[in-house]
Amino acid sequence: MSTHEPLKITRRAGGDFVVMSADDWEREQESLYVLQNNSLIQQIVTSLDTHTPTTGYQPAEE
């Protein structure tokens with residue numbers, strides 16, 4: 001599955017299902033975990049707020 005597109009299987013008697021790569025499934029699980037974890041979401045928001053283009057880390061020029 002090099003295209004990373006899920007494959008929907010439709011059965012005549014119902015009970016459709018989706019086939020996807022294990023890597024894609026693991027990414028989906030990680031995304032769901034992050035979205036359901038309010039503390040982690042708050043950390044991400046705080047990080048984004050403090051790392052705007054003008055206030056974030058600026059490497060020293062060599």
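Quick look at the values:
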item	result
0 to 90° range, to nearest 10: angle between helix 38-50 axis and the chain longest Cα axis	40
Whole-number Å³ per residue for the convex hull built on Cα positions in the chain	162
Sum of -39500 (n - 2.57) over DSSP H runs of 4+, divided by residues of the chain (222 nm, nearest 500)	-14500 deg cm²/dmol
Degrees, to the nearest 10: 22-36 long Cα axis against longest axis of the chain	60
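None of the figures in this text is laboratory data; all of them are computed from the coordinates on show. From a predicted model like this one, the values you see are computed outputs, not experimental measurements.
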